[in-house]
């Protein structure tokens, strides 16, 4: 007669397999986030540079909108205080361009050309 597998040995094997799976899952829970964080570091740095650029572009847009409204007010009222505020808005716009060009963020050729055009128009 043939003897079947012993119940104690099969239970020990199942327990060992289960414990191995649990240890593997715990190791994955530690290793996967660490590896993911390492891979995301360059993307986070790039996002920070782009955020700086977005902030500067928003400042230029605000300065341009303010200039247009002050210019309209200056033409209608012919007030020197409005002209002074227009000059301040123009200075705010002009101060943002050197900061934009000094960012490390790579700009496409068309974006670089547009930035140079805006800076040239602001200088006129």
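The values are calculated or read from the model by the stated rules, or taken from the named source; none is laboratory data. Keep in mind that this is a model prediction, so the values were computed, not measured. Positions of Cβ are backbone-derived with ideal geometry, glycine not excepted, and every protein chain shown enters the neighbour counts.
Looking at segment 39-63 only, could you name the residues that are under 11 Å from residue 89 (Cα atoms) and touching a helix residue (DSSP H, G or I) at 6+ places or on another chain (Cβ under 6 Å)? Explain how you work it out, then say what you get.
Narrowing segment 39-63 to residues under 11 Å from residue 89 (Cα atoms): 59-63.
Those that are under 11 Å from residue 89 (Cα atoms) and touching a helix residue (DSSP H, G or I) at 6+ places or on another chain (Cβ under 6 Å): 59, 60, 63.
Determine which member of the set 38, 49, 59, 117 is within 19 Å of the chain's Cα centre (by Cα), loosely packed, with under 12 Cβ neighbours inside 10 Å and in a helix (DSSP H, G or I).
Details: 49 fails: loosely packed, with under 12 Cβ neighbours inside 10 Å; 59 fails: loosely packed, with under 12 Cβ neighbours inside 10 Å; 117 fails: within 19 Å of the chain's Cα centre (by Cα).
Exactly one of 38, 49, 59, 117 is within 19 Å of the chain's Cα centre (by Cα), loosely packed, with under 12 Cβ neighbours inside 10 Å and in a helix (DSSP H, G or I), namely 38.
Within segment 64-83, does at least one residue satisfy the condition of being under 25 Å from residue 50 (Cβ atoms), touching a helix residue (DSSP H, G or I) at 6+ places or on another chain (Cβ under 6 Å) and at pLDDT 85 or above? So that I can check it myself, show each step before the final result.
So in segment 64-83, the residues under 25 Å from residue 50 (Cβ atoms) come out as 64-66.
Narrowing the set further to residues that are touching a helix residue (DSSP H, G or I) at 6+ places or on another chain (Cβ under 6 Å) leaves 66.
In the following step, the residues that additionally are at pLDDT 85 or above were identified as 66.
Yes, segment 64-83 has at least one match.
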